[in-house]
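The values are calculated or read from the model by the stated rules, or taken from the named source; none is laboratory data. Just so you know, these numbers come straight off a predicted model, no measurement behind them. Please note: Cβ atoms are built from the backbone with ideal geometry, for glycine as well, and neighbour counts cover all protein chains shown.
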């Protein structure tokens, strides 16, 4: 397999993760069991996932000048992600407050911080996108920047994979430049009509794997290995990054690889900390 060049444009946060038996209802106070600070953010997670899965990956994003910034940069570097496109913005980095219960399910609140300053592409961003085989985007940075990136990618024959999360209204201009949409079942229901807008739609189904439908209407499904779930945080991002690495080999191969990576990501606490490396994925990849 030729190593694909992947540019990931998106968010990077410090995740503040609390574990508890049950997540609190409105107005309720519960006792937590543990606390950890784990680098995350949908963009960074997907970049780390793509790099660990074997892609040559560059991250285009922003960190602040706070105490979290050095660790956020370091986790990308440790995962062999090219950080020459990582900007430093005066002020706080993005953070996410995450509560994980005993079933592995989570509740997340994101505060954008430096991510909100990503209001336009730099010349270096444009160069990286034009050179890439695949551009991966999400929606935790300003929409106008995502749209500009997708437009620039299309103009340079770079495949655009969009994970439209958190769900919000998107312009038809953005949809016109998207080749692959990756959504979970809830997002698919909220967005509706995806097959009329995007040639390839991939829907993640949690423990049941994922489903792809292409422009000809044909469907492909895949599942990952059975695992003991500890924390689902970052599993979807791991799936998306891994999918990008193998997309050039066809949806069926990409889906099988991504489902395996996503399953493995649920076996440890935290987002970036749980993302598997290529050797770990290959060791359990269904034949």
Just need a number here: residues in the range 40-49 that are farther than 13 Å from residue 265 by Cβ and touching a strand residue (DSSP E or B) at 6+ places or on another chain (Cβ under 6 Å). 3
When you scan the range 79-100, do you find a residue that is under 23 Å from residue 120 (Cα atoms), without any contact (Cβ under 8 Å) to a residue 24 or more places away in the chain and buried (at least 19 other Cβ atoms within 10 Å of the Cβ), even just one? no
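Can you say whether residue 225 is part of a loop (DSSP other than H, G, I, E, B) and crowded, with 17+ Cβ neighbours inside 10 Å, as far as the supplied structure shows? Show your work before the answer.
Details: part of a loop (DSSP other than H, G, I, E, B): yes; crowded, with 17+ Cβ neighbours inside 10 Å: no.
No; evaluated as a whole, the condition is false for this residue.
Please work out which residue is farthest from residue 170 (Cα to Cα), limiting yourself to the range 193-209 and to residues that are assigned to a loop (DSSP other than H, G, I, E, B) and touching a strand residue (DSSP E or B) at 6+ places or on another chain (Cβ under 9 Å). Outline the logic, then answer.
Looking only at the range 193-209, we keep the residues that are assigned to a loop (DSSP other than H, G, I, E, B), and these are 193, 198-199, 205, 209.
Narrowing the set further to residues that are touching a strand residue (DSSP E or B) at 6+ places or on another chain (Cβ under 9 Å) leaves 198-199, 205, 209.
Details: 198: 13, 199: 16, 205: 23, 209: 26 Å.
By that ranking, first place goes to 209.
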If the requirement is being surrounded by fewer than 22 Cβ atoms within 10 Å (Cβ to Cβ), touching a residue at least 12 places away in the same chain (Cβ under 8 Å) and more than 19 Å from the chain's Cα centre (by Cα), which of these qualifies: 269, 205, 285? 285
Look at residue 215 and say whether it is within 16 Å of residue 260 (Cβ to Cβ) and in a loop (DSSP other than H, G, I, E, B). no
Just one of the numbered conditions (1) modelled with pLDDT under 95; (2) more than 17 Å from the chain's Cα centre (by Cα) is not true of residue 110; which one? (2)
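Out of the range 254-287, which residues are touching a strand residue (DSSP E or B) at 6+ places or on another chain (Cβ under 6 Å), over 26 Å from residue 19 (Cβ atoms) and at pLDDT below 95?
Within the range 254-287, the first condition is being touching a strand residue (DSSP E or B) at 6+ places or on another chain (Cβ under 6 Å), and the residues that meet it are 255-256, 259, 270-273.
Pick out the ones that are also over 26 Å from residue 19 (Cβ atoms) and you get 255-256.
Of everything in the range 254-287, nothing turns out to be touching a strand residue (DSSP E or B) at 6+ places or on another chain (Cβ under 6 Å), over 26 Å from residue 19 (Cβ atoms) and at pLDDT below 95.
Mind counting the residues in the range 19-32 that are in contact (Cβ under 8 Å) with a residue 12 or more places away in the chain and surrounded by fewer than 17 Cβ atoms within 10 Å (Cβ to Cβ)?
The first filter runs over the range 19-32 and keeps only residues in contact (Cβ under 8 Å) with a residue 12 or more places away in the chain, leaving 19-24, 32.
Checking which are surrounded by fewer than 17 Cβ atoms within 10 Å (Cβ to Cβ) leaves us with 20-24, 32.
Residues meeting the conditions: 6.
Among the candidates 103, 65, 107, 119, single out the residue that is touching a residue at least 24 places away in the same chain (Cβ under 8 Å), exposed (fewer than 15 other Cβ atoms within 10 Å of the Cβ) and assigned to a strand (DSSP E or B).
On the way: 103 fails: assigned to a strand (DSSP E or B); 65 fails: assigned to a strand (DSSP E or B); 119 fails: assigned to a strand (DSSP E or B).
Only one candidate qualifies: 107.
Scanning the range 86-100 for residues that are touching a helix residue (DSSP H, G or I) at 6+ places or on another chain (Cβ under 6 Å) and not in a strand (DSSP E or B), which turns out nearest to residue 20 (Cα to Cα)? Give the steps one after another, and end with the answer.
First pass over the range 86-100, keeping only residues touching a helix residue (DSSP H, G or I) at 6+ places or on another chain (Cβ under 6 Å): 89, 92-94.
Now drop any that are not not in a strand (DSSP E or B), which leaves 89, 92-93.
Working: 89: 34, 92: 27, 93: 26 Å.
Looking at residues that are touching a helix residue (DSSP H, G or I) at 6+ places or on another chain (Cβ under 6 Å) and not in a strand (DSSP E or B), I get 93.
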Which of the following residues is surrounded by 20 or more Cβ atoms within 10 Å (Cβ to Cβ), under 16 Å from residue 278 (Cα atoms), under 16 Å from the mean Cα position of the chain (by Cα) and touching a residue at least 60 places away in the same chain (Cβ under 8 Å): 242, 258? 242
So which residues in the range 146-176 are surrounded by fewer than 22 Cβ atoms within 10 Å (Cβ to Cβ), more than 22 Å from residue 109 (Cα to Cα) and touching a strand residue (DSSP E or B) at 6+ places or on another chain (Cβ under 8 Å), if there are any at all? 154, 159
